[in-house]
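First the structure, in the form of structure tokens, and then the observations on it.
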Amino acid sequence: MEDLRPSSLTTGDHKSRPLLDTTQGANLVHYFINENLTWNETWIKQWFGANVAKHIINIGLPAHHQKDSWFWLGEESGVFTIKSAYHLVKKNTVINHPIWQWKVLWNTPIHARLKLLGWQILSNALLTREKLALAFPIFSNHCPICDECVESSLHLFWKCSFAKALWFGSLWGIRTDSI
């Protein structure tokens with residue numbers, strides 16, 4: 001059997017991460033769970049590092065062996081369909097209609113990139129940790145700059161202490177708390 005431990009994949013001073021075929025990856029879980037249904041902490045730490053391993057090891061394991069299978073929670077039958085994914089996304093989408101006209105932004109005499117960024121911020125279309133957490137399990141949805149609040153578009157560009165300092169230090173000396 002091929003040795004897939006990270007230490008076996010070292011090339012010179014560079015350690016590469018294994019690129020696994022998806023069909024092969026589904027069968028590798030037995031390396032991480034011992035026969036007595038406990039985590040193989042050594043393997044997990046080798047593959048994912050101490051910080052990530054700590055989170056993985058906190059995941060509860062079943063009390064007895066059972067057949068593993070794929071199950072789509074968006075459908076009662078457990079079978080994934082594009083239709084069920086569409087309905088799930090549509091159900092979780094809140095459409096906010098702004099009270100002001102978009103023409104103001106699009107007709108402003110600024111660079112097109114800034115207009116696009118302004119539109120992304122105002123329509124909450126930026127990919128932030130807040131949005132990522134809705135789709136993927138991430139360790140923290142807090143702002144990586146201040147670690148005080150959830151990272152949203154509004155927080156990143158207006159409410160974060162770093163953003164406030166930038167706005168105040170700009171030519172206009174804007175105090176975001178007073179607006």
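The values are calculated or read from the model by the stated rules, or taken from the named source; none is laboratory data. Quick caveat, the model's predicted, so the values are computed rather than measured. Virtual Cβ from ideal backbone geometry, glycine too; neighbours counted across all protein chains shown.
Could you please tell me which pairs satisfy a Cβ distance under 8 Å, a separation of 6+ or placement on different chains, a first residue in segment 157-178 that is in contact (Cβ under 8 Å) with a residue 24 or more places away in the chain, and a second residue that is not in a loop (DSSP other than H, G, I, E, B)?
Every condition considered, the pairs that remain are 157/121; 157/163.
Which of the residues spanning segment 145-158 are within 17 Å of residue 120 (Cβ to Cβ) and either among the acidic types (Asp, Glu) or in a helix (DSSP H, G or I) (or both)? Walk me through how you get there before you give the answer.
Taking segment 145-158 first, the residues within 17 Å of residue 120 (Cβ to Cβ) are 151-158.
Passing the criteria: 151, 153, 154, 155, 156, 157, 158.
Out of all the residues in segment 157-167, is one or more among the basic types (Lys, Arg), surrounded by fewer than 12 Cβ atoms within 10 Å (Cβ to Cβ) and more than 30 Å from residue 56 (Cα to Cα)? Break it down into steps so the answer makes sense when it comes.
So the first thing to find is which residues in segment 157-167 are among the basic types (Lys, Arg), and the list is 159, 164.
With the extra rule that they be surrounded by fewer than 12 Cβ atoms within 10 Å (Cβ to Cβ), the set shrinks to none.
No, there is no match, as no residue in segment 157-167 is among the basic types (Lys, Arg), surrounded by fewer than 12 Cβ atoms within 10 Å (Cβ to Cβ) and more than 30 Å from residue 56 (Cα to Cα).
Are any residues in segment 60-79 without any contact (Cβ under 8 Å) to a residue 12 or more places away in the chain and closer than 20 Å to residue 29 by Cβ, and if so, which ones? Full working, then the answer.
Applying the first criterion (without any contact (Cβ under 8 Å) to a residue 12 or more places away in the chain) to segment 60-79 yields 60, 66-67, 69-71, 73, 75-79.
Once the filter is applied, which keeps residues that are without any contact (Cβ under 8 Å) to a residue 12 or more places away in the chain and closer than 20 Å to residue 29 by Cβ, segment 60-79 yields 60, 66, 67, 69, 70, 71, 73, 78.
I need the full set of residues from segment 160-176 which are part of a helix (DSSP H, G or I) and touching a helix residue (DSSP H, G or I) at 6+ places or on another chain (Cβ under 7 Å), in order please.
Taking segment 160-176 first, the residues part of a helix (DSSP H, G or I) are 161-169, 176.
Result: 163, 164, 167, 176.
If you check residue 47 against the conditions, is it within 30 Å of residue 31 (Cβ to Cβ), modelled with pLDDT under 85 and in a helix (DSSP H, G or I)? Break it down stepwise before answering.
Values: within 30 Å of residue 31 (Cβ to Cβ): yes; modelled with pLDDT under 85: yes; in a helix (DSSP H, G or I): yes.
Yes; evaluated as a whole, the condition is true for this residue.
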